[in-house]
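Down below is the structure, laid out as structure tokens.
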Amino acid sequence: MAVELNHTIVHASDRKRSAEFLADILGLQVQPEFGPFLPVVMDNGVTLDFAQDDGEITPQHYAFLISEDEFDRSFGRIKELGLTYWADPHRTRPGEINTNDGGRGVYFPDPDGHYMELITRPYGSGS
């Protein structure tokens with residue numbers, strides 16, 4: 001059996017808002033509640049389980065590999081929502097996307113300040 005990531009927990013001040021936010025950007029559905037979690041399942045079977053957290057949220061980084069067509073749709077949604085976005089993880093290039101490895105990438109915050117990233121090519125895959 002190969003080792004695969006199955007799920008991870010995403011702490012949120014409002015799990016419904018955060019799960020719906022990400023699902024909307026990525027064109028996915030929030031799944032029915034599972035115990036204390038609201039799951040969002042990726043196409044490769046990895047689940048982000050959104051959990052309510054009434055304490056301070058420590059921002060985490062979540063990167064999503066998507067197709068060029070999905071990038072167009074998701075990036076369009078980011079712009080429609082008027083979200084701030086950057087071409088780089090250090091947030092020095094606001095209002096830009098990157099073209100790393102011959103693809104496209106963008107960083108944006110979720111409602112709790114988690115660092116979300118969309119890329120169309122895996123790191124190191126370019127010539």
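Pairing the Cα long axis of helix 15-26 with the longest principal axis of the chain, what angle in degrees results, from 0 to 90 and rounded to the nearest 10?
30
Give me the percent relative contact order of segment 15-105, please, defined on Cα pairs under 8 angstrom at least 6 residues apart.
Value for segment 15-105: 17 percent.
I need the calculated FRET efficiency for the pair Asp101 and Phe34, taking r as the beta carbon distance and R₀ as 35 Å, to the nearest 0.05.
0.50
Multiplying the sequence separation of Gln52 and His90 by 0.36 nm and subtracting their Cα-Cα distance, what value in nm do you get?
That pair, Gln52 and His90, stretches by 10.9 nm at full extension.
Per residue, how large is the accessible surface of the chain? Use a 1.4 angstrom probe and give square angstrom.
Here the residues of the chain average 58 Å² of exposed surface.
Count the DSSP beta bridges whose two residues both fall in the chain, then state the antiparallel fraction as a percent rounded to the nearest 5.
Bridges in the chain that DSSP calls antiparallel: roughly 60 percent.
Relative to the first principal axis of the alpha-carbon coordinates of the chain, what is the inclination of helix 68-80, with its axis defined by its Cα atoms, in degrees from 0 to 90 and to the nearest 10?
Its long axis makes an angle of about 70 degrees.
So between Asp43 and Asn6, what do we pick up on full extension, going 0.36 nm a residue minus the alpha carbon distance?
Full extension of this stretch gives 12.1 nm more.
Taking a label point 7 Å from the Cα of Gln60 along the Cα→Cβ vector, which residues of segment 82-126 have an amide N closer than 17 Å to it?
108-118
Give, rounded to the nearest 20 debye, the magnitude of the charge dipole that the chain has about its Cα centre when Lys and Arg contribute +1 at Cβ and Asp and Glu contribute -1 at Cβ.
Once rounded to the nearest 20, the dipole reads 280 debye.
What is the spin-label model distance, in nm, from Asp24 to Arg77 if the labels are put 7 Å beyond Cα along the C-beta direction?
Calculated label separation equals 0.9 nm.
The values are calculated or read from the model by the stated rules, or taken from the named source; none is laboratory data. Note that the coordinates shown come from a computational prediction; the quantities given were computed from them, not determined experimentally. Cβ atoms come from the backbone with ideal geometry, glycine included; neighbour counts cover every protein chain shown. Just so you know, the surface numbers come from the protein's heavy atoms only, side chains and all, with ligands and any DNA or RNA stripped out. Shrake-Rupley method; radii C 1.70, N 1.55, O 1.52, S 1.80 Å.
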